[in-house]
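Before any comments, here is the structure.
The values are calculated or read from the model by the stated rules, or taken from the named source; none is laboratory data. Keep in mind it's a predicted model, so treat the numbers as computed, not measured. Please note: Cβ atoms are built from the backbone with ideal geometry, for glycine as well, and neighbour counts cover all protein chains shown.
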Amino acid sequence: MIRRLLAIAALLPSLALAGDLQPLSAADVPALLAPPAHGERLVALWALDCAYCEPNLHALARLQQAHPRDIELVTVATDSISAREAIEARLRAAGMTAWPARAYADASPERLDFLLDPNWGGETPRVLVIRANGTRHGYSGELTAAQLRMLVP
């Protein structure tokens, strides 16, 4: 139990603090994709120019709020961290500042896409589901009610 708590504590600095947009580089990806101690982590990949991203973010936020002990939500803008002001403004307008937020900070966004999910073509929205048992699954496009039900641990 103590080892598990220490492992979680070691990951916390690498995960963004809620409401504070942090850069995501290739070196940060392993910690982001590490299985959570229990339940699941939902990594919501989105972009400023994505029409379906905001409804997905809202649906995932409602899901996390309904299951706060079992679901950890992290948002990742696939836009460059250099667009910080626009990303932060969109997150504020969408009411998404309560969750950790990251933005791409790598010279090669395609590399980050591949590191996050080698089966992903870069389309947004994309949700990566990382379960405590180490399994992962990705969903692209607007989430359906059936898919949302499948996300509940």
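Conditions (1) surrounded by 19 or more Cβ atoms within 10 Å (Cβ to Cβ); (2) charged (D, E, K, R); (3) at pLDDT 95 or above, marked per residue:
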{"position": "79", "(1), (2), (3)": "yes, yes, yes"}
{"position": "84", "(1), (2), (3)": "no, yes, yes"}
{"position": "101", "(1), (2), (3)": "yes, no, yes"}
{"position": "112", "(1), (2), (3)": "yes, no, yes"}
Looking at this structure, is residue 128 surrounded by 16 or more Cβ atoms within 10 Å (Cβ to Cβ), outside any strand (DSSP E or B) and in contact (Cβ under 8 Å) with a residue 12 or more places away in the chain?
no
Collect the residues in the range 18-58 that are of a type in the set (Asp, Glu), in contact (Cβ under 8 Å) with a residue 60 or more places away in the chain and not in a strand (DSSP E or B), keeping them in residue-number order.
20, 28
Please go through the range 90-112 and give me each residue that is under 24 Å from residue 63 (Cβ atoms) and in a helix (DSSP H, G or I), ordered by number.
90, 91, 92, 93
